[in-house]
Amino acid sequence: MTQTCIAQRSHVITSVLCAILSVVFCSFSVAHANATTSLSYEFLVHESSVLQTGGLAGVYIPYPVEGGFRLVMDGNGGAVFQDVDAELGPPAFYQSFGELFNTNVLTGKVINDTTIAFTGLTQGGIPGLAIRIDATFQDNLVTLTGGFDENDLVWDGFRYDLRAVGRLAGTAIPGDTNGNDAVDERDYDNLIAQFGGDPGDESADFNHDGVIDLKDFVILRKNFGAGVQAAPGAGFAGTVPEPAALLLITAGLPAILRRKGKK
Ligand SMILES: [Ca+2]
Ligand SMILES: [Ca+2]
């Protein structure tokens, strides 16, 4: 009788423990699956451009793209652009990157382990044209490719194609003044030209104290020769991303994309 009671009690305890563990596990899975991921990127100027082609005269004009943006993944296979603050360089007629590609309304969907496809329509001066921009992640970079749908020409016969590389904010190499992910003679020349004065357009103020001095020189000297200027999407062997960001990119984000891409 006693043994029966003990057995029944053990069964009850085991059942309760299983129930508790199930709740805990399910709560963790749901919370994890629904987690929002927000990543800020800065365009690499020398790797980022919008190409305008077509028209009666058959133009072929690349415009550099400068600025930044944020990608927000909702954890359910969806994604959006946010805080897009980027400009096309002269002589572009459409200077706002966000307006040209109508980034506010693009809808992103995970399509494989490393890529999100953003689609939508243009509006404003050239409304109703299909847009597709693919965002492909590798290391601390995201490559944006696409533009206006190739079968969809604007009213004047022009089309706009995008090929740009964004670098995760906060992962630049200290000592790199011109954003080419290499610390070399050009950065040294910039530091010498600005030494003793204010930061220039390609700022050598690596410690952000408003002046260019010996402290900045020490930072540049420490990193001189670091970094590799690679092809877009190829990654940068010499970069040293901030640990938390690196962990997110190398482990967390691909896992999120993989899980949601299979839904
Ligand atoms: Ca450089
Ligand atoms: Ca400084």
>> For Ala169, what residues show an amide H to amide H distance below 5 Å, using hydrogens built from the backbone and excluding near sequence neighbours?
In response: Ser40, Tyr41, Glu42
> Given labels modelled 7 Å from the Cα in the Cβ direction, how far is it in nm from Thr107 to Leu214?
Replying inline: 6.1
> Amide H neighbours of Gly227 under 5 Å, counting only residues 5+ apart in sequence or on other chains, H built in-plane at 1.01 Å?
Replying inline: Gly238
> Using a basic spin-label model with each label point 7 Å from the Cα along Cα→Cβ, how many nm lie between Phe93 and Asp74?
Replying inline: 3.5
> Once phi is turned into ³J(HN,Hα) by the Karplus curve 6.51 cos²θ - 1.76 cosθ + 1.60 with θ = phi - 60°, what whole-Hz value does each residue of the stretch 177-187 show in order, with x for glycine and proline?
Replying inline: 7, 10, x, 9, 6, 8, 10, 9, 4, 5, 5
>> Using the Cα centre of the stretch 154-194 as origin and beta-carbon charges of +1 (Lys, Arg) and -1 (Asp, Glu), tell me which of Thr177, Asn190, Gly166 is placed farthest towards the positive end of the dipole.
In response: Gly166
>> Could you order the peptides 120-127, 45-52 from most to least packed, using the average number of other C-beta atoms within 10 Å per residue?
In response: 45-52, 120-127
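Each reported figure results from applying straightforward, stated rules to the coordinates on display, with no laboratory input. This one's a predicted model, so the numbers in the text were calculated from it and none came from an experiment. Counting neighbours? That spans all protein chains shown, and the Cβs are built from the backbone with ideal geometry, glycine included.
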